[in-house]
Amino acid sequence: MSRYRIFNTQDAIEYAREFGRCFSSDSRLSAEEIGDGNLNLVFKIHEEGTDRRLIVKQALPYVRCVGESWPLTLDRARIEAEVLLRHGEFCPEHTVAVLHHDAELAIMVLEDLSHCQVWRAGLIAGKAYPKATAQLGEYLAQTLYHTSDFHQPSQDKKADVARFINPEMCEITEDVFFTDPYRDHERNNINPDIRADAERLWADRPLKARVASLKHAFLTRAEALLHGDVHSGSIFVDEDTLKVFDAEFGYYGPMGFDVGSAIGNLLLNFCGQPGLQTPEQASAAQDARIQDVLILWQTFSRRFAALAAGNRDQALAEPGYLDAFLGQVWRDSLGFAGTELVRRTIGIAHVADLDGIADAAARARCQRTALALGRDLILSADALHDSGALVNLLTSYR
Ligand SMILES: Nc1ncnc2c1ncn2[C@@H]1O[C@H](COP(=O)(O)OP(=O)(O)O)[C@@H](O)[C@H]1O
Ligand SMILES: CSC[C@H]1O[C@H](OP(=O)(O)O)[C@H](O)[C@@H]1O
């Protein structure tokens with residue numbers, strides 16, 4: 001019989017005391033449930049009179065934001081813990097630390113990062129984190145390179161592809177990223193003011209053909225162990241720190257999906273700026289987001305190339321191949337970034353960068369920008385040969 005049960009705050013306190021190994025036995029602990037994501041319970045445990053804190057995260061047997069009508073595998077908690085541990089081997093400075101996990105209870109104990117801010121909230125508030133995009137590029141290069149065939153021995157990699165197969169979570173992405181937003185589906189969440197724009201997208205056959213090819217890449221290309229949902233709400237930052245968390249969608253997939261999700265979320269913030277701040281502030285923030293995208297790609301691609309210079313596979317080390325491969329990752333990233341813009345605007349899961357805009361007319365304008373830019377990125381990914389071409393495209397949306 002399974003030991004699984006849904007935790008309350010008292011269970012979380014006892015669990016943290018036993019497995020967190022940082023609280024003294026006679027200390028008084030308090031807990032609050034702080035989960036604001038779509039899927040899980042998250043408890044913050046605090047030792048009274050000290051600054052010692054831990055996080056206890058537990059998967060529910062269903063999608064939290066929908067309810068018990070959408071059952072969901074508990075194995076996602078094992079995957080999340082194991083992806084974070086694996087990414088932590090290669091990039092400990094930018095991966096949240098997993099202190100303990102238990103697959104049967106679908107639970108993990110994490111370092112507490114509440115001294116940092118969720119990046120999305122910071123970007124919406126107009127805060128600058130000058131190191132963040134280079135740090136994220138470093139995280140992506142380290143984790144994607146070290147779990148790819150450029151580094152992993154072939155048999156080890158295939159065993160890991162099986163270990164991280166994650167079919168149920170991938171199916172969610174396959175549906176909510178690549179399928180639902182391109183047709184009239186009950187799971188979509190569409191602002192009535194932009195319904196006509198969504199309907200135009202549903203009739204756009206060249207666009208849907210490109211989305212089909214991106215979905216096909218997501219279904220078939222096991223290039224590296226992805227985080228699987230690198231959005232700005234899955235990243236904590238402060239002036240010096242960047243830490244990625246929430247990796248339950250991890251699996252072996254195309255690298256451009258992680259890079260593109262990160263770029264897409266920077267661009268969602270770019271699109272929301274005219275509705276979030278004064279025109280002068282919005283203009284400066286949009287410049288900053290364009291720079292962020294460039295720095296992210298530059299750091300990722302340069303670090304990846306430097307790591308791959310020492311790669312083990314003689315055939316993959318053939319001169320010219322690495323450049324060709326990174327060119328493919330660039331094109332994939334732009335396409336996947338486009339699908340992130342579209343799905344966060346009219347699909348099931350939205351973002352505060354757009355939905356948080358108070359004025360309804362401004363919100364609709366920014367959502368239209370996100371849809372149009374998303375469409376453009378998907379359709380023109382193969383023609384945007386370098387970052388200069390991307391800057392020109394983004395500048396035309398300012
Ligand atoms: N390690 C952590 N430290 C501090 N807060 C955290 C930590 N992990 C999660 N949280 C908080 O809990 C929220 C939900 O966590 P998340 O992992 O995104 O859940 P879900 O899997 O349901 O999306 C985050 O937005 C953040 O506020
Ligand atoms: C019904 S799952 C939709 C959506 O939820 C996940 O987001 P979060 O990290 O905020 O929990 C993921 O992006 C899924 O696509």
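Laboratory data are not the source of any read-out in this text; all were calculated from the coordinates shown. This structure is a prediction, so every number in the text was calculated from the model and none was measured. In this analysis, Cβ positions are derived from the backbone assuming ideal geometry, glycine residues included, and neighbour counts consider all displayed protein chains.
When only alpha carbons are used to place a centre, the range 377-398 and the range 195-250 end up 18 Å from one another. Could you compute the FRET efficiency for Gln155 and Thr241, with r as their C-beta to C-beta distance and R0 at 51 Å, rounded to 0.05? E(calc), rounded to 0.05, equals 0.90.
Sorted ascending by nearby beta carbons within 10 Å, beginning with the fewest, Ser301, Ser396, Ser333 become Ser396, Ser301, Ser333. On the principal axes of its alpha-carbon atoms, the range 38-196 has extents of 49, 49, 38 Å, going from largest to smallest. Based on the reciprocal of the average 1/r between different C-alpha atoms, the Kirkwood radius for the range 236-389 equals 16.9 Å.
For the range 117-395, relative contact order (Cα pairs under 8 Å, six or more residues apart, normalised by length) works out to 28 percent.
Efficiency by 1/(1 + (r/R0)^6): what FRET value for Ser30 and Asp204, r their Cβ-Cβ distance, R0 = 56 Å, to the nearest 0.05?
Values: r = 53 Å, r/R0 = 0.94.
With R0 = 56 Å, the Cβ-Cβ based efficiency is 0.60.
Sorting the segments 312-325, 175-188 by their mean number of nearby beta carbons within 10 angstrom, highest to lowest, gives 175-188, 312-325.
Which GluC sites (Glu not before Pro) in the range 59-168 pass both tests, a DSSP loop state and at most 15 other beta-carbon atoms within 10 Å? Walk me through the intermediate numbers first.
Values: sites: Glu68, Glu80, Glu82, Glu89, Glu93, Glu104, Glu111, Glu138, Glu168; in loops: Glu104.
In loop regions of the range 59-168 (DSSP not H, G, I, E or B), the sparsely surrounded GluC sites (Glu not before Pro) are Glu104.
Comparing mean-square fluctuations of Phe304, Phe19, Phe90 from a GNM of the chain with C-alpha springs under 10 Å, the top value falls on Phe19.
Test of the criteria: in the range 11-66, which trypsin sites (Lys or Arg not before Pro) are in a DSSP loop and have at most 13 other Cβ atoms within 10 angstrom of their Cβ?
Of the trypsin sites (Lys or Arg not before Pro), the ones in loops of the range 11-66 whose Cβ has at most 13 other Cβ atoms within 10 Å are Arg21, Arg28.
With the gyration tensor restricted to C-alpha atoms of the chain, the semi-axes of the equivalent ellipsoid amount to 32, 26, 21 Å, longest first.
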